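Worksheet: one structure, shown below.
The values are calculated or read from the model by the stated rules, or taken from the named source; none is laboratory data. As the structure is a computational prediction, the values presented were derived from the model and not from experiment. Cβ placement follows ideal geometry from the backbone for every residue including glycine, while neighbour counts extend to all protein chains displayed. Only protein heavy atoms, including side chains, enter the accessible area calculation; ligands, DNA and RNA are left aside. Shrake-Rupley method; radii C 1.70, N 1.55, O 1.52, S 1.80 Å.
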Amino acid sequence: MSAIVTIQDVVKEYSLGATVVQALRGVNLTVDKGEFISIAGPSGSGKTTLLNLIGCVDTATRGVVEVAGQNTAKMSERELTNLRLNTIGFIFQSFNLVSVLTVFQNVEFPLLLQNKLSAKDRKERVEGLLEQVGLKTHLKHRPNELSGGQRQRVAIARALVTDPLIVLADEPTANLDSETGQAILDLMKSLNQKKGTTFIFSTHDHRVMRYANAVVRIADGKVTGRESPQDAVAHEMEGLDTRSTEVRAS
Amino acid sequence: MDRVVLLVRIAIRNLLASPINLLIGGLILLGTMVFVLLGGMLDSLNQSMQKSVVGSLAGHLQIYSAKSKDELALFGQMGNFPELPAINDFPKIQEALSKVENVKVVVPMGISAAIITSGNIVDGTLEKLRNLYKARDGQPGDPKLEGVPREELALRIASEIAHVRQIIKVLRGDVEKAMADMMNAKSVEPRNIEALQRVEQDAFWADFEKDPYTNLEFLENRIAPIVTDTSLVFLRYVGTDLDKFQKSFDRMRIVKGSPVPQGQRGFLIADLMHEDQMKLKTARRLDKIKDARANGRLIATDDELKRFVKENTHQTRELVLQLDGIKTAALVKTLQDALPSKKDSIDALLSELLATTDENFDQRFTQFYELVVPQVQLYRVKVGDMLTIKAFTKSGYIQNVNVRVYGTFAFTGLEKSPLAGATSLMDLMSFRELFGYLTSDKAEELKEIQRNTGARTVSRENAEDELFGDGAEVIAEATPGIIDPDAALAGTGRKLREEDLIRRVYTQQQLDDGVVLHAAVMLEDPTRMDETIERITQVSNEQGLGIQVVSWQKASGLLGQIINVFRALLFVAVGIIFIAAMLIMYLSVLMATLQRTQMFGTMRAIGAQRGLILSMVLVESLVLGLLFGGLGMLAGAGAISLIATQGIAAPNDVMYFFFSGPRLIPQLSTWPLVVALVIILVVTVGSTLLPALMAMRVSPLRAMQADE
């Protein structure tokens with residue numbers, strides 16, 4: 001399988017006033033096409049920073065980030081935006097739907113930005129996707145008329161509507177109850193299998209990790225290992241980070 | 001296209017989400033409506049005022065001497081009358097201007113004001129008496145009295161003497177009143193009282209026949225000056241080429257009398273002036289009551305009308321002064337029958353007639369005009385009268401000119417306007433003479449005198465040498481100005497000269513050839529006014545005409561500026577509304593932007609370019625502005641067409657001029673719509689640009705941060 005994301009010796013520094021904080025300290029990572037990969041680590045370990053670099057919403061201080069074969073360091077703001085539009089789908093922790101648009105319009109939005117399809121084709125595409133996520137009957141609802149799970153399904157449909165190569169999900173189930181969270185992951189997994197779309201998501205929930213092909217561990221801004229979900233869950237069970245699990249389980 | 005639809009859709013949805021947008025929209029709607037409505041009304045007002053000013057006096061353009069320090073102000077400026085240097089070479093200017101494209105006609109003018117005296121009642125009565133005696137004694141006098149039998153002359157003489165004695169009685173009453181009032185006592189001269197006492201006695205009248213001419217002279221010299229009735233009227237007038245004026249100002253029409261015959265001297269009085277200032281005050285008040293009643297006002301409830309009635313019943317003096325013995329006796333009888341009344345004094349009967357109420361007004365009005373008016377002189381100056389106009393000439397002494405009144409005139413639609421009806425018209429020749437400018441016939445007269453007397457012209461530089469130098473003979477020792485040309489030309493000679501002047505017909509060349517102060521320029525196409533002003537200025541510079549050109553608006557002085565003042569006020573008022581809208585809009589858009597950073601971040605993350613975010617925020621404001629602005633324009637236009645169905649009635653006579661008639665019909669004009677649109681664009685974009693730029697710079701990273 002060919003690599004869709006390649007990260008070499010990436011350092012990301014933020015300056016907070018006079019002090020410089022290193023969020024990533026020399027990360028190397030390769031993600032292949034069609035993978036369903038989880039990035040795990042405690043809060044502040046650099047998960048989100050890594051996702052931001054892969055998602056081209058941020059750039060590395062040093063090192064190489066290649067997405068779909070393109071070196072993001074050499075791209076302009078406009079090119080990066082186009083790359084995001086055409087290659088990457090985003091699923092956010094707090095869904096981030098446009099509240100004044102309907103379910104249909106939210107999903108249609110990236111297609112309008114692309115400006116490639118006719119109105120008829122867009123309708124077909126959007127309705128097809130909403131059917132897949134089980135919201136065919138909610139086309140005209142506004143986001144505030146939906147439950148959290150339903151909103152995240154809309155967000156998934158929006159992320160997939162442009163047929164991206166990569167879908168990035170930042171703690172996609174963090175704001176959902178465990179049952180809904182599992183349903184969402186089932187959905188993502190089935191889409192991954194059906195369409196072959198690469199999914200990269202961050203989490204610190206071991207139940208979420210189980211769905212992944214592989215779990216990339218990150219701690220203190222460094223990748224500490226890449227393991228199978230079973231090993232990862234075992235690690236979790238050993239008590240590396242159980243607080244949130246307990247909270248969620250209760 | 002779909003993207004635009006999406007932007008507009010998002011904009012409308014966002015607008016609906018926030019109630020403050022209703023307030024902003026309301027302000028924009030109000031501002032636009034006021035602007036379109038008042039802008040349109042001002043435009044209509046400007047147009048109708050233009051019609052009034054252009055059509056009544058100014059023409060489209062006015063030219064006057066470039067050397068003038070004062071600005072031309074046809075309808076008066078605060079304070080003084082403008083002092084305009086004379087334009088000496090009018091024919092040259094006229095010729096040059098007539099070649100300028102778009103110039104239709106140039107009408108020469110000279111605006112000025114004068115005081116006219118129309119003689120007093122005593123003068124008139126004594127003159128009549130003198131003519132009657134002359135006719136009786138077979139001396140030449142009033143041709144109308146030739147062939148009247150001696151018996152009738154004697155009867156008429158008796159009647160006039162009764163008239164004079166009636167006047168004296170009225171005067172005596174005045175003096176007694178003045179004496180009773182201690183403050184005024186000093187103002188009554190003892191010699192006047194003496195004179196009055198003398199003529200009051202029957203003895204004076206018993207001996208009157210013995211030497212009527214000497215006694216008449218006493219009355220003329222001693223009694224006539226006491227009568228305060230002498231009518232001095234302040235008169236604004238324009239000296240002009242009357243034919244050209246009437247042809248060019250086509251709203252002008254003759255109300256009473258006839259136009260001045262072509263090329264002749266003459267005077268036309270503004271009809272409103274004639275009615276207001278020269279008509280019997282009693283009659284004028286009755287007219288006004290009649291008008292007011294026609295407009296639904298009642299004597300019983302209206303204070304002004306009550307005052308008019310009171311003044312009419314108390315001020316019968318002006319009527320009684322005019323009645324001679326025969327007329328008095330006849331009128332007493334007529335009124336006794338008509339009212340009916342048993343009173344026997346003419347004063348009491350007139351008071352009773354004029355004590356009008358809402359019930360009897362129409363009847364009394366008719367009775368007054370049918371019974372009283374034929375016995376008196378309704379106007380102090382009538383059509384056909386000779387008018388003596390006095391004015392200060394440029395050299396400072398008072399000049400008199402006698403002109404015949406041919407008629408009165410008004411401008412159609414402006415009959416009631418005091419502004420349009422304040423200026424009378426005089427022929428150009430009389431005007432030049434009055435101002436001491438050399439007229440062509442005076443110039444010839446002067447040459448004739450020079451030839452006859454052998455006088456020669458002495459230039460100022462050589463004067464001293466010529467007059468007082470060695471061997472020079474002293475030609476004359478006289479102070480200029482001491483000789484009054486009118487006194488010199490007294491009696492028959494003067495009369496002959498006057499009659500000659502009245503009949504004289506001047507050629508167009510004579511009319512053109514002489515001094516004018518300013519001139520009206522009529523245009524073929526008034527919309528090209530600015531262009532024509534430029535062209536005329538250019539021609540004047542090239543040919544050294546020495547004139548300056550102003551638009552009707554500038555020429556009308558303060559009056560022309562009124563619209564500009566109104567317009568400025570409108571802009572200030574609307575400006576305040578829009579500035580308020582702009583501030584609120586700025587704050588609200590700023591708030592909305594800060595609240596929506598995550599949305600902008602998300603949009604940026606999923607692939608929206610910065611420009612899209614910028615236009616999203618701008619479109620939101622534009623939609624708000626254009627939507628409510630459009631509604632405001634519709635409301636303004638609707639209001640105008642609603643008002644136009646009825647028109648706005650002129651609230652008073654002064655407004656007749658501004659409305660160019662009794663009603664102003666407002667019309668929707670384009671510029672307020674266009675300007676309103678521009679203002680809306682400026683306000684919306686201006687107030688939104690900063691927040692929109694902020695929104696544009698929101699990083700896509702913002703999408704990744706959880707909502708706080």
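Under a 1.4 angstrom probe, counting protein chains only, how are B:406, B:237 ranked by accessible area, largest first?
Values: B:406 30, B:237 0 Å².
So, going from the largest accessible area down, we get B:406, B:237.
Taking only C-alpha pairs under 8 Å that are 6+ residues apart, what is the relative contact order of the stretch B:120-229 in percent?
Details: 65 pairs, mean separation 39.4, N = 110.
Reported as a whole number, the value is 36 percent.
Expected output is a single nm value to one decimal: the length gained when fully extending between residue B:314 and residue B:645, i.e. 0.36 nm times separation in residues minus the C-alpha distance. What is it? Walk me through the numbers before you get to the answer.
Details: separation 331, 0.36 × 331 = 119.16 nm, distance 4.56 nm.
Extra length available between residue B:314 and residue B:645 comes to 114.6 nm.
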Discussion item. Connecting C-alpha atoms closer than 10 Å in a GNM of chain A, tell me which of A:49, A:61, A:137 has the biggest fluctuation.
Written reply: A:137
Worksheet item: Put +1 on the Cβ of each Lys and Arg and -1 on the Cβ of each Asp and Glu in chain B; which of B:624, B:644, B:552 then has its Cα farthest toward the positive end of the dipole?
Response: B:624
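Using only the Cα atoms of the stretch B:322-386, build the gyration tensor, take square roots of its eigenvalues as a ≥ b ≥ c, and label the shape rounded, prolate or oblate: rounded if a/c is under 1.5, else prolate if a/b is larger than b/c, else oblate.
Details: a/c = 2.56, a/b = 1.38, b/c = 1.86.
Oblate, since a/c reaches 1.5 and b/c is not below a/b.
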Worksheet item: When only the heavy atoms of the protein chains count and the probe is 1.4 Å, how do B:205, B:552 rank by accessible area, highest first?
Response: B:205, B:552
Worksheet item: Any idea how far apart residue A:182 and residue A:163 come out in nm if each label point goes 7 Å out from Cα toward Cβ?
Response: 3.4 nm
Worksheet item: When only the heavy atoms of the protein chains count and the probe is 1.4 Å, how do A:20, B:5, B:376 rank by accessible area, highest first?
Response: A:20, B:5, B:376
Worksheet item: Using a 1.4 Å probe, how large is the accessible area of residue B:250, given in Å² and rounded to the nearest 10?
Response: 130 Å²
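To check you understand DSSP bridge types, tell me what percent of the beta bridges within chain A (both residues inside) are antiparallel, rounded to 5. Spell out each step's value before the answer.
Values: 23 of 41 bridges.
For chain A, the DSSP antiparallel bridge percentage is about 55.
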Worksheet entry | ³J(HN,Hα) computed for each position of the stretch B:423-432 - Karplus, 6.51 cos²θ - 1.76 cosθ + 1.60, integer Hz, glycine/proline x | 10, 9, 10, 10, 5, 5, 5, 4, 4, 4
Worksheet item: How high is the relative contact order of chain B, in percent, counting Cα pairs under 8 Å that sit 6 or more residues apart?
Response: 31 percent
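Residue B:594 to residue B:333: extension gain in nm, 0.36 nm per residue of separation minus the Cα-Cα distance? Don't skip to the answer; put the middle values down first.
Values: separation 261, 0.36 × 261 = 93.96 nm, distance 9.70 nm.
So the extension gain works out to 84.3 nm.
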Worksheet entry | Under the Karplus curve 6.51 cos²θ - 1.76 cosθ + 1.60, θ = phi - 60°, whole-Hz ³J(HN,Hα) for the stretch B:357-370, x wherever Gly or Pro sits | 10, 4, 6, 9, 4, 4, 5, 5, 4, 4, 4, 4, 6, 8
Discussion item. How big is the dipole moment of chain B about its Cα centre under a simple scheme where the beta carbon of each Lys and Arg is +1, that of each Asp and Glu is -1, and everything else is neutral? Debye, nearest 20, please.
Written reply: 2760 debye
Item to complete: Compute, for residue B:586, the solvent-accessible surface of its heavy atoms (probe 1.4 Å) with the complete set of protein chains present, and express it in square angstrom to the nearest 10.
Response: 70 Å²
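Using a ≥ b ≥ c from the Cα gyration tensor of the stretch B:120-229 (square roots of the eigenvalues), is it rounded, prolate or oblate, where a/c under 1.5 gives rounded and otherwise the larger of a/b and b/c decides, a/b for prolate? Intermediate values should be presented prior to the final figure.
On the way: a/c = 2.68, a/b = 2.37, b/c = 1.13.
Here the stretch B:120-229 falls in the prolate category.
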Practice prompt. Scan chain B and note any complete DSSP helix (H) whose C-alpha atoms cover at least 30 Å along its axis and whose Kyte-Doolittle average is 1.6 or more.
Written response: B:558-595, B:610-646, B:670-696
Item to complete: Report the GluC sites (Glu not before Pro) located in the stretch B:28-107 that are in a DSSP loop and have at most 12 other Cβ atoms inside 10 Å of their Cβ, or state none.
Response: B:83, B:101
Worksheet item: So which residues in the stretch B:1-43 end up with at least 10 square angstrom less accessible surface once the other protein chains are there, compared with the chain by itself, probe 1.4 angstrom?
Response: B:2, B:3, B:6, B:9, B:10, B:13, B:14
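Among the lysines in the stretch A:1-138, how many pairs, 8 or more places apart or on different chains, have alpha carbons under 22 Å apart? Intermediate values should be presented prior to the final figure.
Numbers: A:12/A:47; A:12/A:74; A:33/A:47; A:120/A:136; A:123/A:136.
Final tally of qualifying lysine pairs is 5.
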Worksheet entry | Pairwise FRET efficiency - residue B:95 versus residue B:172, Cβ, R0 = 41 Å, nearest 0.05 | 0.05
Practice prompt. For chain B, with all protein chains present and a 1.4 Å probe, just round the carbon and sulfur fraction of the accessible area to a whole percent.
Written response: 57 percent
Worksheet item: Using a Gaussian network model of chain A with C-alpha springs under 10 Å, which one of A:155, A:119, A:219 is most mobile by mean-square fluctuation?
Response: A:119
Response to the item:
trypsin sites (Lys or Arg not before Pro) in the stretch B:601-708 lying in a DSSP loop, each with at most 16 other Cβ atoms within 10 Å of its Cβ, come to B:697
Worksheet item: At a probe radius of 1.4 Å, what is the per-residue accessible area of residue B:27, in Å² to the nearest 10?
Response: 40 Å²
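For residue B:281 and residue B:134, what is the calculated FRET efficiency with R₀ set at 35 Å and r taken between the beta-carbons, to the nearest 0.05? Display every interim value, and only then the final one.
Values: r = 33 Å, r/R0 = 0.95.
So the FRET efficiency works out to roughly 0.55.
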